[in-house]
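The numbers here are math on the coordinates, done by the rules we state, and not lab data. Just so we're clear, the structure is a prediction, and the values are computed from it rather than from any experiment. We place every Cβ from the backbone using ideal geometry, glycine too, and count neighbours over all the protein chains shown.
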Amino acid sequence: MSQQVRVRFAPSPTGYLHVGGARTALFNWLYARKTGGKFILRIEDTDVERSTQESTDGLLKDLKWLGLTWDEGPEVGGNYGPYYQSERLEIYQKYARELMDKGYAYPCFCTEEELEAKRQKAEEEHRSVHYDQTCLKLSKEEVQKRIAAGESYVIRVKVPEKDYVLEDEVRGRVEWKAGTLGDFIILRSSGMPVYNFCVVVDDAAMEITHVVRAEEHLTNTHRQLILYEALGKKPPIFSHASLILGPDKSKLSKRHGATAVGQYAIDGFLPEALVNFLALLGWNEGNDREIYSVKELIEHFELNRISKSPGVFDHNKLVWMNGQHLRAMSVDELLPMVAPVLKDAMPNDKRLENPEILRKLIELIQVKMNLINDAVEVAKSFLTAQEPENEEAAQLISTEKSLKLFEALAQEFEKCEWIKEGYNAAIKAAGKIAEAKGKDLFMPIRVKITGTCHGPDLVGILDVLGRDEVISRLKSTSER
Ligand code: GLU
């Protein structure tokens with residue numbers, strides 16, 4: 001029986017959840033959901049100065065908003081905890097000591113000044129600047145004496161003189177030649193472990209089977225393979241996804257627009273759309289399909305279809321994709337998201353208190369929206385009476401024929417039944433009286449009522465505005 005897939009997202013809580021981080025989380029999550037495995041969230045907060053509770057809270061909130069729920073980790077617990085690295089310090093220290101006892105690592109008493117002097121000298125002599133293993137040559141007795149005397153030391157891993165090969169699921173074969181690395185530090189003199197060491201200890205202890213992360217960690221994998229070997233653990237399967245670029249092909253940054261997931265939530269994007277968009281930033285099924293529901297992504301996702309070439313973050317495409325998802329949603333799904341936005345923007349509009357009108361309104365404006373926040377502008381364009389949008393529109397409603405039409409229509413609307421068939425019959429009757437047909441009939445009515453030549457379905461607008469408001473607008477003698 002094959003082993004259960006265990007993947008993880010391991011953010012450092014030193015800032016907000018970046019869209020790049022969210023993509024990493026998503027790839028891991030999709031793989032876990034696809035394979036019936038476990039998605040683990042581990043908070044890498046060993047950098048005490050830069051890690052904050054606020055960032056952790058923000059990360060958890062944004063992951064939840066995206067729907068990337070974790071099976072083990074903060075808030076939910078699990079059998080492999082603790083899931084905060086800051087609570088695992090003793091574990092790292094224990095493993096570092098163990099490596100030292102077995103001869104895979106050794107204490108190094110060299111001071112910063114000594115190391116700097118060594119580096120400078122090596123540079124001047126055009127030699128490798130790797131640590132020169134001074135402390136590896138110390139005798140056991142000497143080491144014990146200096147430790148007992150309270151001298152401060154770091155722990156370095158002894159890098160074997162051999163090549164390392166990674167068979168990356170995305171990048172293929174990656175090789176590191178012997179001699180490219182010096183003996184690196186795994187535990188600082190403060191007792192704090194370094195990133196590469198914690199990651200390996202944790203991934204091994206948490207029985208992670210697959211690591212999916214960004215390309216920027218590829219070089220770290222060399223050190224990590226050395227550590228797996230020293231610890232006698234089997235490395236997971238690695239997949240390094242490409243970077244995300246801005247449209248100008250430079251590394252995605254704030255210059256290109258929002259990079260914080262939380263900002264997309266504020267700006268009225270749907271989590272499903274952002275998930276769809278992020279999935280396609282560096283993954284595809286081998287065709288040019290663009291719209292996927294989360295369920296479909298889970299169904300089609302494969303690690304080996306993560307792309308080697310960078311993904312380009314095209315904001316306009318994200319807006320378009322959001323519109324596609326939004327328009328595919330039911331009024332029931334949209335209601336809890338759109339209603340608060342509308343009520344917030346128009347707190348005194350009593351119509352928004354009426355559930356039936358609210359539903360009709362959402363149905364009407366949905367087709368004109370890309371973002372949730374677009375609801376306000378689209379709804380306001382007819383909920384509040386508007387002056388004609390331009391000269392042409394003003395002309396259209398001031399002809400004698402139009403004036404006659406509005407008068408007749410106001411009368412017909414007074415007496416018709418206020419349902420779709422009713423207004424249609426009234427419009428037809430008024431058209432007969434004013435001798436107006438087709439575009440000549442509908443366009444002036446639309447402009448008179450909404451001020452614009454384009455917009456949502458006219459019948460829907462009548463429905464939402466209600467008889468009194470519509471008649472009052474028809475009778476209004478202002479420019480409208
Ligand atoms: N804490 C690391 C980061 O935020 C995790 C890297 C990894 O996935 O190994 O980038």
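Details
- Note on Trp320 and Glu113: the model spin-label points, each 7 Å out from Cα along the C-beta direction, lie 6.3 nm apart.
- Only the Cβ atoms of Lys and Arg (+1) and of Asp and Glu (-1) were treated as charged; on that basis the dipole of the chain about its Cα centre amounts to roughly 580 debye.
- For region 208-318, the ratio of Cα radius of gyration to the globular rule of thumb 2.2 N^0.38 Å stands at 1.23.
- Non-local Lys pairs in region 274-397, i.e. 8 or more apart or on different chains, that have alpha carbons under 28 Å apart: 15
- When the P(r) of the chain is calculated, the portion above 40 Å amounts to 43% of the C-alpha pairs.
- Counting charges near Asp203 (Lys, Arg +1; Asp, Glu -1) among other residues having Cβ under 10 Å from its Cβ returns a value of +2.
- Bins of 10 Å, starting at 0 and running to the largest distance - Cα pair percent for region 396-480: 19, 61, 20
- Region 1-150 has equivalent-ellipsoid semi-axes of 40, 20, 16 Å, by the square roots of 5 times the alpha carbon gyration tensor eigenvalues, sorted largest first.
- Alpha-carbon Rg/Rh ratio, for region 114-205, with Rh computed the Kirkwood way: 1.03
- DSSP-defined beta bridges in the chain - what % are antiparallel, rounded to 5: 55 percent
- Placing a label point 7 Å from the Cα of Lys350 along the Cα-to-Cβ line, the residues of region 443-480 whose backbone N sits under 15 Å from it are 465-470.
- Centroid-to-centroid separation of region 265-333 and region 94-122 [C-alpha atoms, Å]: 47 Å
- With a Förster radius of 51 Å applied to the C-beta separation of Thr452 and Ile237, the computed FRET efficiency comes to 0.35.
- When only the Cβ of Lys, Arg, Asp and Glu is charged (+1, +1, -1, -1), the dipole of region 432-471 relative to its Cα centre reaches about 180 debye.
- Dipole of the chain, positive end: most advanced residue of Leu465, Leu270, Ser309 [Cβ charges, Cα centre]: Ser309
- The modelled label-to-label distance for the pair Lys34/Lys437, using points 7 Å beyond Cα in the direction of Cβ, is 5.9 nm.
- Computed over region 219-264, Cα set: Rg, Dmax in Å: 16.9, 45
- Put simply, when 257-264, 21-28 are sorted by average Cβ atoms within 10 angstrom per residue, most first, you get 21-28, 257-264.
- Spherically averaged projected area of region 348-440 from its Cα convex hull (nm²): 7.6 nm²
- Take every pair of alpha-carbon atoms less than 8 Å apart whose residues are at least six positions apart; their mean separation over the length of region 332-480 yields a relative contact order of 30 percent.
- Extension gain (nm, one decimal) between Glu75 and Glu414, 0.36 nm per residue minus Cα-Cα: 116.0 nm
- When the Cα atoms of region 325-391 are aligned to their principal axes, the ranges along those axes come out at 39, 25, 18 Å in descending order.
- Our note on the geometry: Cα centres of region 208-246 and region 426-457, 65 Å apart.
- Diffusion coefficient (Stokes-Einstein, Kirkwood radius over C-alpha pairs, 25 °C, 0.890 mPa s) for region 17-60: 208 µm²/s, rounded to a whole number.
- Positive end of the dipole of region 357-480 (Cβ unit charges, origin at the Cα centre): among Trp418, Ala379, Pro444, the Cα lying farthest that way belongs to Trp418.
- At the listed q of 0.15, 0.19, 0.23, 0.26 Å⁻¹, the Debye profile of region 181-267, built from one uniform point per Cα, gives log10 I(q)/I(0) equal to -0.74, -0.92, -1.08, -1.25.
- The packing ranking, built from the mean of other Cβ atoms within 10 Å per residue, places the peptides 201-208, 80-87, 270-277, 396-403 in the order 270-277, 201-208, 80-87, 396-403, highest first.
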